[in-house]
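Presented below is the structure to which this report refers.
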Amino acid sequence: MDTLLERFLRYVSFHTRSDETNPACPSSEGQLVFARVLKEEMEALGLTRVTLDEHGYLTACLPGNQPEAPAIGLIAHMDTADYEAEQVVPQLIENYQGGDICLGKGDEVLAIRDYRFLKNYLGQDLITTDGTTLLGADDKAGIAEILTAIDHLQAHPEIPRGDIWVGFTPDEEIGRGANLFPLDRFPAKWAYTVDGGELGELEYENFNAASATIRFVGNNVHPGTAKGSMINSQTLAARFHAATPAEQTPECTEGYEGFFHLAQMSGTVEESTLHYIIRDFDDQQFAARKAELENRVAALQAEYPKARIELTLTDSYRNMRSQIEPHMHIVELARAAMEAADVVPKIKPIRGGTDGARLSFMGLPCPNLFTGGHNFHGKHEFIPLQSMEKAVATLVELVRLTAAWRA
């Protein structure tokens, strides 16, 4: 385990923030820079068929020692979310003794009053940010854990295993991680994304997801002579958003509850835009949410016939549960692996998305495993080193148990 921390700290130094405005794949050059370094490391670890393509998808194989064992995949993503991610300066808080954690030299604090679960990590070693960037544990912790497990398996050939396929993807944070995934060179029977949160998370359900962009076009007239002719697009946008049920937003929902989330807005008198993401676990409720937006747009357009209101709906990914349930042995293997590693499994739905959802619908069933991190996508992100070590132990046990599994 002495290389796990070293790996992780080295990985977070790479600036790999993806860029939703760039249609190229990968969407940022830093992801390719990081992928090239990982490729060299994987070759040094003795992996075979190490391939990095022009789109930034990196795959490799650790050959098995049990010919009858199924081949499985371990997958993580290289990009980080839409938050400051350049010049990440991690802090290692050794033997945490409770209370607030000062981040860097400024006033930013990881406050126990805001994150009461910090008390669960007394005596552990916490890796935090310096309060100016995210950390990047999502998902560089997953990459570090996978390669540390591979390193351990190489050093212990007595552990039975089938072929282990490793895949690192670009642009997961902007919903494109599986778009060009090279299944033709990834012959796993099933796989696991190592992209979850706190210790013990095991997930095979996720949101159905869509995005909605609503464009309001009004008419700008000098306000001194505007009566009867001005149509303020910002007023229309504000009215539209005010009709969103307040209890159906991210800050008011949990568990299996879906939501509308206003992710971005811009506007002038002449033209305004609202961008929403729509999430729901249930297929029928998901369809109803999209229909609700269509109906509200039509009603507002009818009320203001001289304005122009346009709705663009785009589906993103679907709930992978339907694709996993016919193969529940892969969830049970993961549960058993956690228990063998002295981890309490926490089977729960993902209130988000994952490459595994898209890959499951592409024919590669792919539940999601914990990395150990908390507060992803922001300056309060942190991860306990001991949770990362448990993730490595879980992956090793998963490989061992899978080698003994037969249909």
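Equivalent ellipsoid of the range 73-222: semi-axes from √(5λ) of the C-alpha gyration tensor, largest first, are 32, 29, 14 Å. If the elastic network links every pair of Cα atoms under 10 Å, which of Glu303, Glu20, Glu84 fluctuates the most in the Gaussian network model of the chain? The residue that fluctuates most here is Glu303. For the pair His156 and Glu292, a Förster radius of 51 Å applied to the C-beta separation gives a FRET efficiency near 0.40, rounded to the nearest 0.05. Annotation: extensible slack from Ala336 through Phe117 equals 76.3 nm (criterion: 0.36 nm per residue apart, minus Cα-Cα distance). Scalar couplings 3J(HN,Hα) for the range 270-282, obtained by applying the Karplus form with A = 6.51, B = -1.76, C = 1.60 to θ = phi - 60°, are 6, 8, 9, 9, 10, 10, 10, 10, 10, 9, 6, 6, 7 Hz; x denotes Gly and Pro.
Taking the accessible area of the range 272-317, probe 1.4 Å, and keeping the other protein chains in place, the carbon and sulfur fraction comes to 50%. Just want the answer: with Cβ charges of +1 for Lys and Arg and -1 for Asp and Glu, which residue in Ala60, Gly98, Val88 is farthest toward the dipole's positive end in the range 54-108? Of the options given, the answer is Ala60.
For the chain, the per residue solvent-accessible surface stands at 44 Å², with DNA, RNA and ligands left out and a 1.4 Å probe. Under a 10 Å cutoff between Cα atoms, tell me which one of Asp130, Asp53, Asp82 has the largest fluctuation in the Gaussian network model of the chain. Comparing Asp130, Asp53, Asp82 in a Gaussian network model of the chain, the most mobile one is Asp53. Placing one equal scatterer on every Cα of the range 344-407 and applying the Debye formula, the log10 ratio I(q)/I(0) at q = 0.18, 0.24, 0.30 Å⁻¹ is -0.91, -1.23, -1.22. Placing pseudo-labels 7 Å out from each Cα toward the beta carbon at Ser211 and Ala299 gives an inter-label distance of 2.7 nm. In whole percents, the pair-distance distribution calculated for the range 1-55 from its alpha-carbon pairs, binned every 5 Å from zero, is 4, 17, 22, 22, 18, 10, 5, 1. Straight-line cross-link partners of Lys119 among the aspartates and glutamates, defined as a Cα under 16 Å from its Cα and at least 8 positions apart when in the same chain: Glu94, Asp100, Glu198, Glu381.
Among Lys39/Lys379; Lys140/Lys379; Lys105/Lys379; Lys39/Lys348, which pairs are too far apart, with a Cα-Cα distance over 22 Å? Checking Cα-Cα distances, Lys39/Lys379; Lys39/Lys348 exceed 22 Å.
Does a label point 7 Å from the Cα of Asp100, set along Cα-to-beta-carbon, have any residues of the range 119-154 with amide nitrogen under 18 Å, and which are they? Answer for this model: 119, 128-132.
A dipole drawn for the range 264-407 from +1 and -1 charges on Cβ atoms has a positive end, and of Ala357, Trp405, Pro384 the residue lying farthest that way is Trp405. Place a label point 7 angstrom from the Cα of Leu9 along the Cα-to-Cβ direction, then list the residues of the range 124-152 whose backbone nitrogen is under 19 Å away. Only 124-138, 140-149 pass the distance filter. Starting from the Cα of Lys346, draw a straight line to each of the lysines and keep only those under 18 Å, dropping any in the same chain fewer than 8 residues away. Excluding near neighbours in sequence, the set is Lys390. The residues neighbouring Ala404, those whose beta-carbon lies less than 12 Å from its own, together hold a net charge of +1 under the Lys/Arg +1, Asp/Glu -1 convention. Cross-link reach is defined here as a Cα-Cα straight distance under 13 Å, omitting same-chain residues fewer than 8 places apart; for Lys189 the aspartates and glutamates meeting it are Glu68, Asp163. Running Debye on the chain with equal point scatterers at the Cα sites and no solvent, what base-10 log of I(q)/I(0) appears at q = 0.06, 0.10, 0.12 Å⁻¹? Computed log10 I(q)/I(0) values: -0.27, -0.71, -0.97. Based on alpha carbons, the Rg and Dmax found for the range 1-124 are 18.8, 57 Å.
The values are calculated or read from the model by the stated rules, or taken from the named source; none is laboratory data. Owing to the predicted nature of the structure, the values given are computational and were not obtained by experimental measurement. Here the Cβ is made from the backbone with ideal geometry for all residues, glycine too, and neighbour counts use every protein chain on show. For the accessible areas, the whole protein counts, side chains as well, though only heavy atoms, and no ligand, DNA or RNA atoms are used. Shrake-Rupley method; radii C 1.70, N 1.55, O 1.52, S 1.80 Å.
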